[in-house]
Number of protein chains: 2
Amino acid sequence: MKPDSTPQGVVAGSIPLFAGHPSSDLLPVEALQRVIGAAWQGRGVARFLNYGDEQGNPQLIEFLVERLNRRENLGIRRENLMIIGGSTGGVGMITQHLTAPGDAILVDAPSYRDALHIFRDHGLEICAAPIDDDGIIVAELERNLRELKASGKTPRFYYVVPSFQNPSGIIMAVERRREVIKLSREYRFAIVEDDVYSDLRFEGALPPSFYALADGENVLRLGTFSKTLAPGLRIGWLIASAERIAGFVESGLLRMGGGANPFSAAVVADYCRSGAWEAHIQWLRGQYRRRRDIALAALDSCMPKDVEWTRPTGGYFIWLRLPPSVRVDALDARAKEQGVYFASGKGFFVNPEDGAHHLRLSFSFLPVAELQAGIEILGDLIARMIA
Amino acid sequence: MKPDSTPQGVVAGSIPLFAGHPSSDLLPVEALQRVIGAAWQGRGVARFLNYGDEQGNPQLIEFLVERLNRRENLGIRRENLMIIGGSTGGVGMITQHLTAPGDAILVDAPSYRDALHIFRDHGLEICAAPIDDDGIIVAELERNLRELKASGKTPRFYYVVPSFQNPSGIIMAVERRREVIKLSREYRFAIVEDDVYSDLRFEGALPPSFYALADGENVLRLGTFSKTLAPGLRIGWLIASAERIAGFVESGLLRMGGGANPFSAAVVADYCRSGAWEAHIQWLRGQYRRRRDIALAALDSCMPKDVEWTRPTGGYFIWLRLPPSVRVDALDARAKEQGVYFASGKGFFVNPEDGAHHLRLSFSFLPVAELQAGIEILGDLIARMIA
């Protein structure tokens, strides 16, 4: 992700509608400041400043296990959870441990661009199946599985952001989740559930997670503090079977460096134990809901009728489909001239051409006036390109 | 690395002579506290709490480039340096990018145990050549290179801790460094220089680094704040060619998660810019020198005459050779009964049996009374095992 001050290649004063990070004015600065200020008084500093336990900050593990069990009745124990360097750290670790170059994995089309980038860095064969408004189309996933099997391949895992997907903002329906779990047992692949947005639900209910539906069997579920606290702390968590967690904890990287970011993990642990997090999440939901509403209202009022978009009930993103006559590259070039930057749909597909008429807007980062202005400029450009 | 409070599997009240981390009473708590306290006042919090630049905190990059050029006349620019999650983060990233399973790499025998663990996790063929008091024996390294070549293999890199090696504490002589660079050009392998202890020099001078001697050509040099500031901050740096740095910066992991640990990197940047670091390093040298002196004096007075050990002029470690009649496993078992834990030599060799009469002691972590007591117990046990 790009820094929020002057993202690389973006002129100051421009409108970065691509920026998938939280608005800096939504970060709980004062609360973190209080926690850090208090933490130095009379506590052991080793917990903050020396090498940490490979599994991660024990207080934070305890807090998260209790929270997950209380809210979702997951029945996990501390052996099922480890602290990681954001969801990113988990995706990197899992990919490193579960795959070798040339292995196949399964993803949605579209899927999270930066995760695809990681998978390409590992030399993986990425098999994508299209999604609709309820998530991956299971028949298409199954077709990929049969084709892989015919060529003697077993995919290592299915990577998915099941709730408020990046880039589409959709929620995978519970029945789809169940069918994917069935396939994962039949074809013996793991499910990597990148569950980073589910706390940012604006309305309605979410289906149970893959981890809950599968009773934890062969599911690795990632969570993060990046969306509901602060990404710069680089703290997330992974829940999985005790055997898998033990395997990761025994890895050379954790042996050498100790657990994930002891300093910021201790800050996060103290923040969570202060009770501030739940109230902050509650407040954030209102803040992001308002931004989502403003973005959708701007789209409704500015976009030509041939443009379609998702109406997410949580998360950070809206996914647009341009009319056949408007290519995203052409729109991108013209938008940049006006200082408007969005995430081209092409980056979210294994085959970039599949995203040639799509783009992702983020409503998490920009002040609402800029969000509206950016969408208005896009609407105007598209209207002129159609005409 | 294990946490310093109650390292896993170690009974409280015992003497962990294995612990390769800084003594918690040598961490500059007050100075860090001041820096963090000041940082919240009137500055942009995004620098601390939001996603960061993929290359890392810009102020810290600037500080390190200036320091390295001033002290070593390296002539590097900001394009040659990136911030990483401790030296560990660099070893992981380099291994991920430069190797595929089955590739060969070159190491010392003995070599740093946790780095070997990372290389094994990546499925690499690890070719070790023995060291003497001046570092790797070049003829043995060359023999490995010829054998690899004969089997059609090009090793991807040579991994080395050239100054105050882990576990031996030795310094590789400048002539050896030059010969290795010559071989690296002939056989076309990179040099990964894990330069984590060189600021902890107690006396004498160090040879120029591999990076300096090779004019940066095909050398990746790692540095860290773990040994001279605080490991829990998880901040280090990598210097390499601009092309290599650009390649790492463009990776999926950094795209997804942003630069290494923005929060603690900002703390480290402010600490460094306050001018406190150089004075702290100077002070640490005296502190660790004293611990080294006490450990060597204890060894001189307690060890039976058939035991040999290195006399490091910096770093954290002393490397012991036991007499042929004493196996490290047997000593380990008896020492544990007395509450003394050391790092068995076996972990530092690709072929564990090569370390069956070696052990590593760390003088960095324990209070001096425990350091002395632990060495006395070991001396007593070894004497009884010889008798």
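The values are calculated or read from the model by the stated rules, or taken from the named source; none is laboratory data. None of these values were measured; they are calculated from a predicted model. A quick note on method: Cβ atoms are made from the backbone with ideal geometry, for glycine too, and the neighbour counts reach across all protein chains shown. Please note that ligands, DNA and RNA were not included when accessible areas were found on the heavy atoms of the full protein model with its side chains. Shrake-Rupley method; radii C 1.70, N 1.55, O 1.52, S 1.80 Å.
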**Complete:** Selection over region A:214-228 where residues are within 14 Å of the chain's Cα centre (by Cα) and either part of a loop (DSSP other than H, G, I, E, B) or among the hydroxyl-bearing types (Ser, Thr, Tyr) (or both) yields a count of 5
**Item:** Conditions (1) within 14 Å of chain A (Cβ to nearest Cβ); (2) open to solvent by 10 Å² or more (accessible area, probe 1.4 Å); number of the one not met by B:Arg146
**Value:** (1)
**Request:** Would you confirm whether any residue within region B:252-268 is open to solvent by 30 Å² or more (accessible area, probe 1.4 Å), more than 20 Å from the chain's Cα centre (by Cα), under 21 Å from B:Thr224 (Cα atoms) and at pLDDT below 95?
**Result:** yes
**Request:** Considering every residue within region B:322-340, establish whether at least one is open to solvent by 60 Å² or more (accessible area, probe 1.4 Å) and in contact with a His (Cβ under 7 Å, 6 or more places away or on another chain).
**Result:** yes
**Request:** Within region A:269-295, track down each residue that is of a type in the set (A, V, I, L, M, F, W, C) and either exposed (fewer than 15 other Cβ atoms within 10 Å of the Cβ) or in contact with a strand residue (DSSP E or B) (Cβ under 7 Å, 6 or more places away or on another chain) (or both).
**Result:** A:Ala279, A:Trp283, A:Ala295
**Message:** Would you confirm, using the coordinates I've provided, whether B:Tyr211 is touching a residue at least 24 places away in the same chain (Cβ under 8 Å), under 17 Å from B:Thr95 (Cβ atoms) and not in a loop (DSSP other than H, G, I, E, B)?
**Reply:** no
**Fill in**
Only one of B:Leu60, B:Leu27, B:Leu49 is closer than 28 Å to A:Leu253 by Cβ and modelled with pLDDT of 95 or more, namely B:Leu60
**Item:** Scan of region A:97-109 for residues that are touching a residue at least 60 places away in the same chain (Cβ under 8 Å) and surrounded by fewer than 22 Cβ atoms within 10 Å (Cβ to Cβ), ordered by number
**Value:** A:His97, A:Leu98, A:Ala109
**Message:** Show me the helices (runs of 4 or more DSSP H) found entirely inside region B:110-201 where at least 3 residues are in contact (Cβ under 8 Å) with a residue 60 or more places away in the chain.
**Reply:** B:113-121
**Message:** Return the residues of region B:229-243 that are open to solvent by less than 10 Å² (accessible area, probe 1.4 Å) and either within 13 Å of chain A (Cβ to nearest Cβ) or in a loop (DSSP other than H, G, I, E, B) (or both); say none if nothing qualifies.
**Reply:** B:Leu229, B:Ala230, B:Pro231, B:Gly232, B:Leu233, B:Ile235, B:Gly236, B:Ala240
**Item:** Failed item in (1) away from chain B (no Cβ under 14 Å); (2) part of a helix (DSSP H, G or I), with A:Ala246 passing the rest
**Value:** (1)
**Asked** What is the residue count in region A:193-224 for residues that are within 18 Å of A:Leu98 (Cα to Cα) and either of a type in the set (Asp, Glu) or assigned by TED's automatic domain parsing to the domain that holds A:Phe317 (or both)?
**Response** 3
